[in-house]
Amino acid sequence: MDVFLKGFFSWLPNVQLVHFLIVSAILFSLGMYGIVTRKNAILVLMGLELVLNAANINFIAFSRYGGLNLDGQVAAIFVIILAAAEAAIALAIVLNIYHRFQTVNIDEVSNLKE
Amino acid sequence: MSHDLLIQLSIATLLLPLLGFALLIFFGKRLPRQGDWLETGSISISLVFALIVMVQKLTLYPDQTLTLNFTWVDFQNVPGIGPLKIVLGFSVDNLAAIMTAVVALVSTAVHFFSIGYMHDDVRYSRYFAFLGFFSFSMLMIVLADNLFLLYVGWELVGISSYLLIGHWYERKSASDAAIKAFVVNRIGDVGFFIGINILYATFHTFGLKEIFEGIHSGTLPYGSEGWLTAAGVLIFCGAVGKSAQFPLHVWLPDAMEGPTPVSALIHAATMVAAGVYLLARTFPVMTAEALTIIAYVGAITAFISATIAIAQNDIKKVLAYSTISQLGYMVMALGVGAYTAGFFHLVTHAMFKAGLFLGSGSVIYALHQVLHHQGDHQTDAQDIRNMGGLKAKMPVTFWTFLMYTLAISGMPLTSGFLSKDEILAGTLAFNGLTGHVFIPIVGFLVAGLTAFYMFRLVILTFLGEHKDAHRLEHIHESPLVLTVPLIVLAALCFFVFFSFNPFSAASGWVAHAIVRPESVVPVSVAASTAETFEEALHHAHIPAMLMSLLAAGLGIVAAFSVYYWKKISADAVAARLRFVHVFLLNKWGFDDLYNNVVVGGTHVFTAVLRWFDDTIVDGLVNGSGSVTKLTSFVSGRFDAQAVDGLVNLTAYVSGASGLILRKFQTGKVQTYIVFAVMGVMIFYFVFRLF
């Protein structure tokens with residue numbers, strides 16, 4: 001464990017921008033997967049949160065390594081606020097949909113198609 | 001009186017009848033008495049002006065020509081033609097001054113006569129308007145100093161004669177006669193027009209004076225004397241048409257269909273005099289050859305129409321043929337070089353021929369009134385066989401008519417004697433100088449024939465017995481408005497007005513005022529000079545006088561012995577010489593000849609043209625119609641199939657692609673997100689390639 005930790009910490013300074021981007025990409029893909037595959041509207045919104053957070057990781061990483069400095073962090077904070085607002089509105093919409101259709105399955109809520 | 005004032009007075013003479021015409025044609029019907037006083041008044045003032053101008057001109061400026069010129073158009077230098085400038089103007093020389101007075105005088109007499117003769121006509125004011133227009137046109141010919149204005153007046157005379165001859169156009173014969181007069185005149189006019197253009201092409205001016213000077217300085221049309229002769233003969237063509245010379249004389253007898261005063265006007269002062277006047281005007285450009293042609297045409301005309309006049313029974317037809325005959329005389333006189341005599345005869349003839357026509361009008365008027373009163377519509381009021389014995393009932397008409405007849409026959413103490421004698425002396429002189437013996441023979445023969453047929457007319461009309469005694473009782477003398485012009489004109493037939501010597505015009509004022517102008521053509525083609533001719537004329541004077549008296553005396557004696565004393569039966573002679581009589585009665589067959597050859601030929605020609613029109617032109621039109629139809633059918637099919645097909649194809653493709661694309665619109669948000677992500681990825685890979 002020690003060795004592992006020691007190895008890990010010794011590796012830590014070697015963490016580069018690319019690693020953050022890889023994590024961010026994985027997170028983005030997972031979020032996107034959730035958005036695309038889930039039937040439940042709540043879960044879709046959760047996928048959306050993952051995608052937004054993947055973007056946040058990118059902002060932070062670029063602020064640390066890419067020379068964006070505080071700008072990146074400010075952008076990340078904006079995204080977090082935006083995510084909160086979006087979640088509030090989206091959940092309100094979902095509630096309304098549930099009232100209207102008695103379901104949160106987005107496949108059944110396709111009345112706008114025609 | 002000053003130079004300018006005289007020319008202004010002449011132009012006033014010209015314009016007054018036009019003013020009357022313009023007022024009458026627009027307001028004629030609304031004026032009191034339909035405006036006859038207006039036109040008659042304006043022509044009377046014209047007459048006064050014309051007389052003043054004539055007297056002043058002949059006394060104050062006998063050797064000058066009064067002119068007034070103005071530039072009508074000036075196009076500067078026209079490419080391909082050269083300088084194009086047309087100067088028009090009026091001029092008054094002795095010839096024009098005398099002619100203006102004659103025209104105005106006869107025209108005034110005719111106007112006054114017409115007031116009585118036409119008083120209940122349907123188109124009374126229009127008649128007077130046209131009379132004025134006719135006078136205006138004729139005065140324009142007289143006063144023009146260039147061929148351009150002269151030609152304008154020439155054509156205006158043509159159209160006004162058409163209007164007046166066809167005044168009673170409801171009658172088919174009158175409208176036919178009007179058309180005939182116009183068309184026959186046009187034939188001559190074409191020649192005249194070409195003649196003018198030959199001169200214009202060479203001299204680039206219409207002014208007669210400039211043309212004369214040009215020829216005199218040695219310039220010839222197209223550099224050849226032949227062209228000069230051609231120009232002269234072509235100008236003479238115009239005179240042939242207007243002055244009713246052979247072979248275009250056929251319109252004049254038919255022109256009798258117009259009202260009788262119009263006949264008087266046409267035959268005496270206007271229209272037919274225009275041709276002779278034109279010849280006098282253009283005399284200096286005539287070559288010897290052209291003059292010889294003119295002399296022969298005149299002689300032939302004089303002879304043909306004198307013979308025809310013998311056989312006619314219509315009083316106006318006899319007078320018409322006598323006019324043609326006398327015109328032939330004048331033309332012949334100009335042709336032989338007896339310039340003064342030719343023009344002098346024009347003046348004297350104007351007086352007695354106007355009188356003869358007005359006299360015949362008076363007779364016809366009187367007879368017509370009676371026939372109308374008796375309800376007789378069968379008897380022809382113009383046929384001399386229905387007349388006779390009118391002397392007692394119409395003394396004024398008879399005595400004036402006799403005076404005119406003596407004058408036209410060339411009896412001593414009359415004006416006709418003076419002028420005719422001069423002409424015959426001229427033909428004799430011409431014969432002496434050139435050896436054309438035909439001309440004087442015809443001259444004397446026609447003098448005898450003229451006396452014969454004129455006295456035949458007088459005897460059959462006024463002497464002898466009237467056929468219907470009952471009718472004769474009701475005939476009475478015409479009113480004053482008709483007889484006064486007759487008396488005035490008869491008085492003017494006395495010799496004293498023209499020469500104080502009753503046997504020679506040489507000392508008279510006409511001979512002094514009208515001097516033969518020197519020819520301007522090159523000497524090699526010129527006729528004998530004025531001096532040589534004058535000398536020959538002097539020698540020929542006495543023989544000509546005696547022979548003409550003899551010829552006329554024989555003619556009169558023959559007329560009396562046939563028609564008055566009945567020594568020789570006219571019918572027996574006619575039966576004996578049946579062929580000749582019919583030939584003369586048919587006017588030498590000219591009308592038939594022209595009807596068959598010219599009119600018939602025109603019919604054949606038009607039939608050919610009609611065939612051409614029906615088959616070829618219509619065929620072309622129909623063919624192009626069919627082709628259009630076929631093309632439009634093909635293009636219609638093309639439109640329906642190809643163009644519409646393309647349009648439909650576009651629509652179909654849009655529809656089909658829409659059908660496919662709408663499958664993507666699933667309405668499921670998740671699918672859209674997949675598409676969006678895939679799209680972003682595709683863009684990423686696409687742009688990474690570059």
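Coordinate-derived values only; no laboratory data. Being a predicted model, the structure only gives us computed values, none of them experimental. Counting neighbours? That spans all protein chains shown, and the Cβs are built from the backbone with ideal geometry, glycine included.
Scattering from chain B was approximated by placing one identical point on each alpha carbon and applying the Debye formula without solvent; log10 I(q)/I(0) at 0.11 1/Å stands at -1.12. The residue among B:ILE179, B:SER42, B:ALA407 whose Cα reaches farthest toward the positive pole of the charge dipole of the protein assembly as shown, with charges on the beta-carbon of Lys, Arg, Asp and Glu, is B:ILE179.
Listed by chain and number, the lysines whose C-alpha is less than 26 Å from the C-alpha of A:LYS6, apart from same-chain residues fewer than 8 away, amount to an empty set. Under the definition of Cα pairs under 8 Å and six or more residues apart, what whole-number percent is the relative contact order of chain B? Result for chain B is 11 percent.
For the residue pairs B:LYS353/B:LYS391; B:LYS391/B:LYS467; B:LYS393/B:LYS467; B:LYS316/B:LYS567; A:LYS39/B:LYS668, the C-alpha atoms sit more than 18 angstrom apart in B:LYS353/B:LYS391; B:LYS316/B:LYS567.
Shielding by partners for A:99-109, please: the mean number of other protein chain Cβ atoms within 10 Å of each residue's Cβ.
Counting Cβ atoms of other protein chains within 10 Å of each residue's Cβ and averaging gives 1.
Between A:TYR98 and B:LEU15, the simple label model (points 7 Å from Cα in the Cβ direction) yields a spacing of 11.5 nm. Working ranking of peptides B:618-627, B:299-308, A:20-29 by packing, defined as the average number of other Cβ atoms within 10 Å per residue, highest first, is B:299-308, A:20-29, B:618-627. Phi angles across segment B:16-31 convert, under the Karplus curve 6.51 cos²θ - 1.76 cosθ + 1.60 with θ = phi - 60°, into 3J(HN,Hα) values of 4, x, 5, 4, x, 4, 4, 5, 5, 5, 8, 10, x, 6, 8, 7 Hz, Gly and Pro given as x.
Please work out how much length the chain gains when fully extended from B:LEU661 to B:HIS470, using 0.36 nm per residue of separation minus the C-alpha to C-alpha distance, in nm with one decimal.
56.8 nm
Taking other C-beta atoms within 10 Å as the exposure proxy, B:SER419, B:SER224, B:SER91 rank B:SER224, B:SER91, B:SER419 from fewest upward.
Pairs of Cα atoms nearer than 8 Å and 6+ residues apart set the relative contact order; for segment A:39-102 it is 34 percent.
By the helix-only formula, in which each DSSP H run with n ≥ 4 contributes -39500 (n - 2.57) and the sum is divided by residues, the protein assembly as shown has a 222 nm mean residue ellipticity of -24000 deg cm²/dmol. With the alpha-carbon atoms of the protein assembly as shown aligned to their principal axes, the span from lowest to highest coordinate is 183, 67, 53 Å, starting with the largest.
What's the ranking of B:495-503, B:81-89, B:136-144, B:652-660 by average number of surrounding C-beta atoms within 10 Å, highest first?
Order by mean packing, descending: B:136-144, B:495-503, B:81-89, B:652-660.
Taking all Cα pairs closer than 8 Å and separated by 6 or more residues, the relative contact order of chain A comes to 23 percent. Extension gain, B:VAL496-B:THR532: 0.36 nm per intervening residue step, less the Cα-Cα distance, totals 10.1 nm. With q set to 0.11 Å⁻¹, the log10 of I(q)/I(0) for chain A, from the Debye formula over equal scatterers at the Cα positions, is -0.52. Residue by residue along B:148-158, Cβ atoms of other protein chains within 10 Å of the local Cβ number 0 on average.
Each residue, B:VAL437 and B:SER2, gets one label point 7 Å from its Cα in the Cβ direction; the gap between the two is 6.1 nm. Here's the list of lysines a cross-link from B:LYS180 could span, going by alpha-carbon distance under 17 Å and ignoring same-chain residues fewer than 8 apart: B:LYS172, B:LYS242, B:LYS317, B:LYS587.
Shape analysis of segment B:256-370 places it in the prolate category; the axes a ≥ b ≥ c from the Cα gyration tensor give an a/c of at least 1.5, with a/b above b/c.
Calculate how steeply helix A:17-37 sits against the longest principal axis of the alpha-carbon atoms of chain A, using the helix alpha-carbon long axis, and give the answer as 0 to 90 degrees to the nearest 10. Between helix and principal axis, roughly 20 degrees. Considering every alpha-carbon pair of segment A:39-102, the percent of pairs per 10 Å bin, from zero through the bin containing the longest distance, is 22, 39, 23, 12, 4. Between B:ALA651 and A:ILE26, the FRET efficiency estimated from the beta carbon spacing at R0 = 51 angstrom works out to 0.55. Hey, what angle do you get for helix B:272-281 against the long axis of chain B, alpha-carbon based, 0 to 90 degrees rounded to 10? Helix B:272-281 and the main axis of chain B meet at about 90 degrees.
By the count of other C-beta atoms within 10 Å, a proxy for reagent exposure, B:TRP509, B:TRP565 are ordered fewest to most as B:TRP565, B:TRP509. May I ask you to derive the FRET efficiency for B:ASN622 and B:VAL190 from their Cβ-Cβ distance with R0 = 51 Å, giving the value to the nearest 0.05? Rounded to the nearest 0.05, the efficiency is 0.90.
Protection proxy ranking of B:99-109, B:189-199, B:153-163, by the mean of other Cβ atoms within 10 Å over each peptide's residues and highest first, is B:99-109, B:153-163, B:189-199. Between 0 and 90 degrees, the angle of helix B:480-491 with respect to the longest Cα principal axis of chain B falls at about 60 degrees.
Can you work out the FRET efficiency for the pair B:THR65 and B:PHE27, with r the C-beta to C-beta distance and R0 = 51 Å, to the nearest 0.05? Working from the Cβ atoms, E equals 0.85.
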